[in-house]
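**Q** The structure that follows is given in the form of structure tokens.
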Amino acid sequence: MAIILLEDLSRHYGEDETLVKALDSVSISIEKGEIVALLGPSGSGKTTLLNTIAALDVPLEGTYLFEGEEVPLGHVEKMTTFRRENIGYIFQFFNLLADLTALENVLLVQDLSGSRNKDKALELLDSVGLKGLEDRFPSQMSGGQRQRVAIARALAKSPRIILGDELTGNLDTETSTMVMEALIKTCRKEKMTTIFVTHDESLTRFATRIIRLDSGKVVDDEKGGLKSIVNTTKFVAESVVEEAVGGVKKMTSKIKDIARTIVE
Ligand SMILES: Nc1ncnc2c1ncn2[C@@H]1O[C@H](COP(=O)(O)OP(=O)(O)OP(=O)(O)O)[C@@H](O)[C@H]1O
Ligand SMILES: [Mg+2]
């Protein structure tokens, strides 16, 4: 069963000569674990679509089924609960709380979903390469580091779906790659469904599927295209090797520890 099933979604703004069809009869089915890159020109409806999936916006027409159940669009409280239980959203400009440290930003999300777990929060920060920076405030971190805190925060409540709207939009190429690798690795490990909006074609290498929008319509849907399969396989293979090397290193240091205790 599809985790996300959108049927004939429409979202219009204005009327008559000012009418804009931000979404124009969009139908998409997304399976659990897919990593979708959403592309399209400015104004094509990408953010509107992402906000609809996050239940931040209500379509004019159409249905949205999440794991076969209709999402309570239009019911503010139920939408909030749905979002809290299922969605991790990463914004372009981090949206971190300036008065909280990296660790506290992550803990806050866990608190909101009633699942505070400091060890997991630290592990997440470690997994995005921020070990040792847990107690820094956002103002004491670089853009790439802040965005990685935002990723750890979005992942903190183990959401079913991760949504990212131009999450690397204001980062340089090298930092974008680092941020995307950190995100995709964790999403793959935890089998989270991921949808990210980007203007950067090169980031489609992280996706298993590429959907293109234009004027509120899906104009291309490259599901499991050869290019993405090759890229994903290469990326996954690299991650597996990296994990294995990490595991061997950990084992070696454990063996050393054991040997040391025996000797001492
Ligand atoms: N609150 C609003 N009021 C009126 N029009 C809106 C509103 N929000 C979005 N739109 C219009 O809907 C269309 C789709 O907007 P959307 O933000 O989804 O585009 P986008 O693909 O995310 O663009 P960008 O790449 O520039 O972020 C645009 O034409 C936009 O002007
Ligand atoms: Mg947008």
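The values are calculated or read from the model by the stated rules, or taken from the named source; none is laboratory data. Everything quoted here is computed from the prediction, not taken from an experiment. Quick reminder, even Gly has a Cβ in these numbers, built from the backbone with ideal geometry, and neighbours come from all protein chains shown.
**Q** Does any residue of the stretch 101-120 turn out to be β-branched (Val, Ile, Thr), closer than 25 Å to residue 166 by Cβ and either in contact with a strand residue (DSSP E or B) (Cβ under 8 Å, 6 or more places away or on another chain) or within 16 Å of ligand 2 (Cβ to nearest atom) (or both)?
**A** Scanning the stretch 101-120, I find no residue that is β-branched (Val, Ile, Thr), closer than 25 Å to residue 166 by Cβ and either in contact with a strand residue (DSSP E or B) (Cβ under 8 Å, 6 or more places away or on another chain) or within 16 Å of ligand 2 (Cβ to nearest atom) (or both), so the answer is no.
**Q** Within the stretch 106-142, work out how many residues are under 19 Å from residue 176 (Cα atoms) and hydroxyl-bearing (Ser, Thr, Tyr).
**A** Counting residues in the stretch 106-142 that are under 19 Å from residue 176 (Cα atoms) and hydroxyl-bearing (Ser, Thr, Tyr) gives 2.
**Q** Further, regarding this structure: Say we look at the stretch 198-247 and pick out the residues that are among the polar types (S, T, N, Q) and modelled with pLDDT under 90; which of these is farthest from residue 36 (Cα to Cα)?
**A** Filtering the stretch 198-247 for residues that are among the polar types (S, T, N, Q) and modelled with pLDDT under 90, the one farthest from residue 36 (Cα to Cα) comes out as 239.
**Q** Checking residue 78 against (1) without any contact (Cβ under 8 Å) to a residue 12 or more places away in the chain; (2) touching a helix residue (DSSP H, G or I) at 6+ places or on another chain (Cβ under 7 Å), only one condition comes out false. Which one?
**A** Status for residue 78: all satisfied but (2).
**Q** Are there any pairs with C-beta distances below 7 angstrom linking a residue in the stretch 124-138 that is assigned by TED's automatic domain parsing to the domain that holds residue 109 to a residue that is among the hydroxyl-bearing types (Ser, Thr, Tyr), with the two at least 6 apart or on different chains, and if so which?
**A** Pairs that qualify, where the first residue is assigned by TED's automatic domain parsing to the domain that holds residue 109 and the partner is among the hydroxyl-bearing types (Ser, Thr, Tyr), are 127/186; 134/101; 135/101; 136/101; 137/101.
**Q** Next question. In the stretch 20-36, which residues are more than 13 Å from ligand 2 (Cβ to nearest atom) and farther than 19 Å from residue 66 by Cα?
**A** 20, 21, 24 - these are the residues of the stretch 20-36 that are more than 13 Å from ligand 2 (Cβ to nearest atom) and farther than 19 Å from residue 66 by Cα.
**Q** Starting from the stretch 197-216, keep only residues that are farther than 21 Å from residue 11 by Cβ, then list their pairs with residues that are among the acidic types (Asp, Glu) and more than 14 Å from ligand 2 (Cβ to nearest atom) whose Cβ atoms are within a distance under 8 Å, requiring at least 6 positions of separation or different chains.
**A** Cβ pairs passing all conditions: 206/181; 208/34; 209/34; 209/221; 209/222; 210/220; 210/221; 210/222.
**Q** Okay, moving on. Could you tell me how many of the residues in the stretch 135-170 are in a loop (DSSP other than H, G, I, E, B) and within 16 Å of ligand 1 (Cβ to nearest atom)?
**A** 5
**Q** Out of all the residues in the stretch 40-64, which are within 11 Å of ligand 2 (Cβ to nearest atom) and not in a helix (DSSP H, G or I)?
**A** Those that are within 11 Å of ligand 2 (Cβ to nearest atom) and not in a helix (DSSP H, G or I): 40, 41, 42, 43, 44, 45.
**Q** So, one more: Looking at this structure, is residue 66 more than 16 Å from ligand 1 (Cβ to nearest atom), over 28 Å from residue 204 (Cβ atoms), surrounded by 13 or more Cβ atoms within 10 Å (Cβ to Cβ) and modelled with pLDDT of 95 or more?
**A** Judged against the criteria, residue 66 is not a match.
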